[in-house]
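Contents: one structure, followed by commentary.
The values are calculated or read from the model by the stated rules, or taken from the named source; none is laboratory data. These numbers were taken from a predicted model, which means no experiment stands behind them. Please note: Cβ atoms are built from the backbone with ideal geometry, for glycine as well, and neighbour counts cover all protein chains shown.
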Amino acid sequence: MGLIIYGRITKAHGLSGGLKLSPFSRRPESLNSIERIYIETVPGQEPAGFDITECRFDKGSAIIYLERIETFDEAEKLIGRNVYIDKSELPELEEGEYYWFDLIGLETYTEDGRYVGRVEGLIDRALQSVLVVKDGVKEALIPLSEPIIKEINLKESKIIISPIEGLLTED
């Protein structure tokens, strides 16, 4: 089992233990194919598994109901907790699509072979996502779009970019 972070519980919903889940994904409907989630019920300990008994969507979030969470008070204790899923439960993507967790850690280079840094995170914007690439103390914010991204190679753990003028700060 390979757990990956999927989202965060943002609030309790209703009196019967519903939870509002904010997924770290532009496709919250992927939760429809997931039967079990894992929540850090105690910080620092292994996440506890919960079967999803009901799921619906509301304005980019999911309203979920879980086994063993039946009251508002039980749900309220989970606010702010990270939610994990087993990577194997994620739906297959189309060619050229990537899950964010696949991009974290990739080494980034320009087309001429200059090292830019390592992908440390992503920022989701309405129009496009941005890679947060760091090399020591230097940080570059690289739009995750053509024509800047030339290649994403998961097998070789690298991204090739064609930076536009001013995108990368010079030493």
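The table for this structure:
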| quantity | calculated |
| --- | --- |
| Verdict on R114 being free of Cβ contacts under 8 Å to residues at least 24 places away in the same chain and within 14 Å of E139 (Cα to Cα) | no |
| Residue within region 50-57 that is at pLDDT below 95, assigned to a strand (DSSP E or B) and over 21 Å from R27 (Cβ atoms) present | no |
| Residue in region 134-171 that is surrounded by the fewest Cβ atoms within 10 Å (Cβ to Cβ), counting only those that are within 22 Å of the chain's Cα centre (by Cα) and not in a strand (DSSP E or B) | K155 |
| Selection from region 44-67 of residues that are without any contact (Cβ under 8 Å) to a residue 40 or more places away in the chain, out of contact with any helix residue (DSSP H, G or I) (no Cβ under 8 Å at 6 or more places or on another chain) and not small (G, A, S) | Q45, E46, F50, D51, T53, E54, R56, D58, K59, E67 |
| Matching entry among I64, I69, I79 (being part of a strand (DSSP E or B) and at pLDDT 95 or above) | I64 |
| Residue match in region 84-99 (condition: within 26 Å of K134 (Cβ to Cβ) and modelled with pLDDT of 90 or more) | yes |
| Single condition D102 does not satisfy, out of (1) surrounded by 14 or more Cβ atoms within 10 Å (Cβ to Cβ); (2) over 18 Å from the mean Cα position of the chain (by Cα); (3) at pLDDT below 90 | (2) |
| Region 23-47 - residue that is buried (at least 16 other Cβ atoms within 10 Å of the Cβ) and in contact with a Lys or Arg (Cβ under 9 Å, 6 or more places away or on another chain) and, of those, modelled with the lowest pLDDT | F24 |
| Within region 82-92, tally of residues that are in contact with a Gly (Cβ under 6 Å, 6 or more places away or on another chain) and part of a strand (DSSP E or B) | 1 |
| Residue satisfying all of: in region 124-133; surrounded by 12 or more Cβ atoms within 10 Å (Cβ to Cβ) and under 15 Å from the mean Cα position of the chain (by Cα); nearest to P23 (Cα to Cα) among these | D124 |
